[in-house]
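The structure appears right after this line, and notes come after that.
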């Protein structure tokens with residue numbers, strides 16, 4: 001796991017030389033406005049995560065021969081379906097090799113949950129659903145079932161995009177040691193894709 005804001009090329013190269021082959025990054029969103037509302041920073045506004053920084057670090061990490069696993073979130077209270085689908089188009093171009101799309105979960109004790117409560121949002125009490133896979137509050141624009149459909153759609157569209165196929169083929173030419181691993185990954189996850197494995 002790594003914070004994009006603190007990742008540096010020298011560190012990534014040293015990690016790869018030490019035997020690190022995969023890093024999970026919290027990309028979170030393809031909207032700078034959403035990232036600002038999440039306050040994704042270390043200590044101050046100068047370290048605020050922005051999509052330009054995410055793209056830069058993911059490309060740098062890829063160039064070091066590291067598999068990039070991106071954590072992405074949909075279902076923020078200010079998002080509507082169009083915003084989520086627009087984010088999908090940008091996300092397909094990110095230099096990621098694996099993705100984990102989670103549904104926004106306003107956990108107890110967080111600033112966002114407190115602000116949402118002040119704005120009148122209601123939350124589910126079943127803590128077993130606080131798992132990034134379920135909508136646990138009364139979203140104003142998207143139903144729980146539709147949010148789940150969007151989560152699955154984003155996941156499938158990412159792996160089936162032409163951009164992903166081109167990116168992964170290039171990555172595997174330069175890092176052939178990962179070829180069998182990715183073939184097993186797609187088989188295990190029952191994913192169809194456009195990647196040319198030859």
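Quick one: length gained pulling residue 185 to residue 82 fully straight, 0.36 nm per residue minus the C-alpha distance?
Full-extension gain reported as 34.0 nm.
If packing is taken as the average count of other Cβ atoms within 10 Å, what order do 104-115, 180-191 fall into, highest mean first?
104-115, 180-191
Taking the Cα-to-Cβ direction at residue 138 and at residue 33 and moving 7 Å from each Cα, how far apart do the two end points lie in nm?
2.5
At R0 = 22 Å, how high is the FRET efficiency between residue 22 and residue 149 if r is their beta carbon distance? Nearest 0.05 is fine.
0.15
Note the angle between two axes, namely the Cα long axis of helix 81-91 and the longest principal axis of the Cα atoms of the chain, as a number of degrees from 0 to 90, rounded to the nearest 10.
20
What do you get for the angle between helix 162-174 and the principal long axis of the chain? Use alpha-carbon atoms, 0 to 90 degrees, nearest ten.
The helix 162-174 is inclined about 40 degrees to the chain.
Could you work out how much longer the chain between residue 193 and residue 176 gets when fully extended? Use 0.36 nm per residue separation minus the Cα distance between them, nm to one decimal.
Using 0.36 nm per residue and subtracting the Cα-Cα distance, I get 4.3 nm.
Which order, highest average first, do 121-128, 145-152, 92-99 follow once you tally other Cβ atoms within 10 Å for each residue and take the mean per peptide?
92-99, 145-152, 121-128
Express in whole angstrom the spacing between the alpha-carbon centres of region 66-125 and region 145-174.
Their Cα centres are 17 Å away from one another.
For the residues 143, 161, what sequence is obtained by ranking on other C-beta atoms within 10 Å, fewest first?
Least crowded to most crowded, the residues run 143, 161.
Could you give the radius of gyration (one decimal) and Dmax (whole number) of the Cα atoms in region 106-183, in Å?
18.7, 52
Taking the Cα atoms only, what angle lies between the long axis of helix 51-63 and the longest principal axis of the chain, rounded to 10 degrees?
That helix lies at roughly 30 degrees to the long axis.
Roughly what would the spin-label model give for residue 50 and residue 111, points 7 Å off Cα along C-beta, in nm?
Reported label-point gap for residue 50 and residue 111 is 1.9 nm.
We did not get these values from a lab; they are worked out from the coordinates using the rules stated. Keep in mind that this is a model prediction, so the values were computed, not measured. Glycine also receives a Cβ, built like all others from the backbone with ideal geometry; neighbour counts cover every protein chain displayed.
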